[in-house]
Amino acid sequence: MRNNDHPQAVKFYAKEMEFYSKLLKENKSYSHSDRATLWFNKHTNNFGLSFWKPLGLLLSFSIVFYFFVLWSFLDGYDSKYWKNIFEFLNPTHKVLFINEYHWSSWSYFLDFLFRIIEGLLIYQTIQAFRKYSRKL
């Protein structure tokens, strides 16, 4: 019989995943993808318990990557472009929204890498917000 105690069920699920990750460390027969998935979920949203972790990581990665994108421009770093950081946070931003035609290959690479990380962290945030709608 179910008691529909979702908050406790979510906490139990997180403890279960913690135990499973410890089991993976001891037993080398599990795949690397299982280990990577568990590691990523633990360190980005604590198995769905925290939405603050991915938001903090997203903000941190945004500042760091934006700084490196600004440094990678062909004409050098210019602090006047910091006003566009909020547009950089938009995953569908246009590439040439700052310093139009002075992007180097490193600028494009860093922008692409940031979009991948940003997408993963947005997914982790959504996963943490949906923790009570999940059927456990």
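Using R₀ = 30 Å, calculate the FRET efficiency as 1/(1 + (r/R₀)^6) where r is the Cβ-Cβ separation of Asn90 and Phe40; round to 0.05.
The formula returns an efficiency of 0.80 here.
By Kyte-Doolittle mean hydropathy of at least 1.0 and Cα axial length of at least 20 Å, which whole DSSP H helices of the chain are selected? Walk me through the numbers before you get to the answer.
On the way: long enough: 6-26 (30 Å, -0.71); 52-71 (29 Å, 1.62); 105-129 (36 Å, 0.86).
Span-like helices here: 52-71.
Quick one: dipole size for the stretch 1-56, taken about the Cα centre, charges +1 on Lys/Arg Cβ and -1 on Asp/Glu Cβ, in debye to the nearest 20.
100
Using only alpha carbon pairs under 8 Å that are at least six residues apart, calculate the relative contact order of the chain and give it in whole percent.
33
Of the candidates His43, His32, His102, which one comes out as most mobile in a Gaussian network treatment of the chain with C-alpha springs shorter than 10 Å?
Result: His32 has the largest fluctuation of those listed.
Over the chain, with the other protein chains present, what is the accessible area per residue in square angstrom, probe 1.4 angstrom?
With the other protein chains kept in place, the chain gives 69 Å² per residue.
Take the solvent-accessible surface of the protein heavy atoms, probe 1.4 Å, and return the percent of it on the stretch 1-130 that carbon and sulfur atoms account for.
After summing per-atom areas, the C and S share lands at 65 percent.
For the chain, what mean projected area does the convex hull of the alpha carbons give, in nm²? Before the final figure, lay out the partial values.
Values: hull surface 42.6 nm².
Orientation-averaged projected area of the Cα hull: 10.6 nm².
Provide the solvent-accessible area of Leu96, counting protein heavy atoms only and rolling a 1.4 Å probe, rounded to the nearest 10 Å².
60
To the nearest 20 debye, what charge dipole does the stretch 9-136 have about its Cα centre, counting +1 at the Cβ of each Lys and Arg and -1 at the Cβ of each Asp and Glu?
820
Taking the Cα atoms of the stretch 6-71, what is the range of coordinates along each of the three principal axes, in descending order and whole Å?
44, 32, 12
Counting other Cβ atoms within 10 Å of each Cβ, which GluC sites (Glu not before Pro) in the stretch 58-136 have at most 10 and sit in a DSSP loop?
Those that pass, being in a loop and sparsely packed, are Glu100.
Work out the charge dipole of the chain with +1 on the Cβ of Lys and Arg and -1 on the Cβ of Asp and Glu about the Cα centre, then indicate which of Met17, Asn99, Asn45 is farthest towards its positive end.
The one lying farthest along the dipole's positive direction is Met17.
Over the stretch 55-135, what lengths in whole Å, largest first, do the semi-axes of the equivalent ellipsoid take, defined as the square roots of 5 times the eigenvalues of the alpha-carbon gyration tensor? Mind showing how you got there, number by number?
Values: eigenvalues 165, 25, 20 Å².
Taking √(5λ) for each Cα gyration eigenvalue gives 29, 11, 10 Å.
The values are calculated or read from the model by the stated rules, or taken from the named source; none is laboratory data. Being a predicted model, the structure only gives us computed values, none of them experimental. A quick note on method: Cβ atoms are made from the backbone with ideal geometry, for glycine too, and the neighbour counts reach across all protein chains shown. In case anyone asks, the SASA skips ligands and DNA or RNA and just uses the protein heavy atoms, side chains included. Shrake-Rupley method; radii C 1.70, N 1.55, O 1.52, S 1.80 Å.
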